[in-house]
Amino acid sequence: MTTTSPGRPRRTRSVTEMLLSIVLGLEAVVIFFVTLTVYGLQVVPAGYAFGGGAVFVLLLLAAAALLRYPAGVWFGWVLQVALLATGLLQPALYIVAAIFVAIWVYCFIKGTQIDKTKAAVATLFPPE
C-alpha cells in the first residue's frame, strides 16, 4: 500500500535535465571503474588514483543535482572536457570519453528539442 505525503508537489523536471542526469550518473559509474583500472595498471600512485577518482565521481554527482540551473548544465559541459582529459592517463580512455561526450551532446540536443515541443503543445492545450 502506498501513501502520499501531503506536502508541496514534486518539481517537474525537464526532459533535458532527466537525460543529462542519467548520462552523468553513468559517467560516475564508469569513472569508478576507470579509477580501478588506472590503479591496477599503476599509471599513477594509489592515492592520486583513488583521490582523483573520488573527487571526479563527486563532481559528476554534484553536476547531476545542479542540472536544474543553467550553471549546472555548463558545469556538466566542463566535466565532459575533463572526461576527455582522462585520455592523458590512459590513451584508451579517449575512446570511452568520446562515446560519453557524444551521448551527452545527443541527449542535450534531443532533450532541448523535446522540451521546446512540450512547451509549444502546452500553449496550445493548457491544463485545466
| request: Would you mind calculating the gained length between residue 41 and residue 54 on full extension (0.36 nm times residue separation, minus the Cα-Cα distance), in nm to one decimal? | output: 2.9 nm
| note | Expressed in nanometres to one decimal, the distance between label points 7 Å along Cα→Cβ at residue 69 and residue 110 is 2.9 nm
| Descending semi-axes in Å of the chain, equivalent ellipsoid built from Cα gyration tensor | 35, 18, 11
| query | When the Cα centres of the stretch 1-52 and the stretch 90-128 are compared, how far apart do they sit, in Å? | reply | 18 Å
| Ordering of 23-33, 40-50, 104-114, 7-17 by burial proxy (mean other Cβ atoms within 10 Å per residue, highest first) | 23-33, 104-114, 40-50, 7-17
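Each value in this text was obtained by applying a stated rule to the coordinates, not by laboratory testing. Because the structure is predicted, anything quoted here is derived from the model rather than measured. Cβ: placed from backbone, ideal geometry, glycine included. Neighbour counts: every protein chain shown.
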